[in-house]
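Here is the structure we will look at, set down as structure tokens.
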């Protein structure tokens, strides 16, 4: 039995079935991310004055990832255009570039996550706080070694790069007997890190899902081009709609998390 309206537009919507389904799915995705963005706004507005962190994320890496996703949006569009122009080899090229760009995006995001999980705030018995990246934490050792700095309070950590007070980092050896509490900058660290990891990890899962679909269309799924090119072109268009949504979400995530 043939599925109706796989290539022709439905008379009631003016769209073929797959595109209707994708638009409905994206509507639910807007509600999902809209709720999370609202949570961020409420956390940010509800935070007492002077308690919300600034400069904790790497703007250069965030900018790079923004450019990478913007380029991938162009390549996935060109892949669909190539099929419309009956240029299958060019389609393969553009979709291969989309896959490469998506993987690079995930690699950079993984590097950022790794950096946060290796960045520690250590509260000492004398009231000071040591903050920096962990260098040595061997089991049985009497010392923990970090590359960082000492501060007097949590307030001194809110601005990663305070104006007029350049942070001087050096190798610091801390006796375990002096450590009161030791915690990395994972999602459990504070509200900012919790919403950062929630938003970006959910977005990364969408990137992975999009890449899996695009990779399948580039590989074994591309055989449909030789049997039903119109339907295959529609599949590529629908996957492109999802990919553009993923790009658009990041366009909002970048300024909200990295620049504010």
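The values are calculated or read from the model by the stated rules, or taken from the named source; none is laboratory data. Being a predicted model, the structure only gives us computed values, none of them experimental. Virtual Cβ from ideal backbone geometry, glycine too; neighbours counted across all protein chains shown.
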Would you check which residues across the range 176-192 are in a helix (DSSP H, G or I) and surrounded by 19 or more Cβ atoms within 10 Å (Cβ to Cβ) and list them?
-> 192
Within the range 228-240, track down each residue that is assigned to a helix (DSSP H, G or I) and surrounded by fewer than 17 Cβ atoms within 10 Å (Cβ to Cβ).
-> 229, 230, 231
In the range 46-67, anything surrounded by 15 or more Cβ atoms within 10 Å (Cβ to Cβ) and under 12 Å from residue 160 (Cα atoms) is listed as 52, 53, 56, 57, 58
Assess whether residue 195 counts as being farther than 30 Å from residue 17 by Cα, more than 27 Å from the chain's Cα centre (by Cα), in contact (Cβ under 8 Å) with a residue 40 or more places away in the chain and crowded, with 16+ Cβ neighbours inside 10 Å.
-> no
Okay, strands (runs of 3 or more DSSP E) sitting entirely in the range 88-153 with 3 or more residues that are in contact with a helix residue (DSSP H, G or I) (Cβ under 8 Å, 6 or more places away or on another chain), I get 129-136, 143-151
From the list 43, 69, which one is within 20 Å of the chain's Cα centre (by Cα), modelled with pLDDT under 95 and in a helix (DSSP H, G or I)?
-> 43
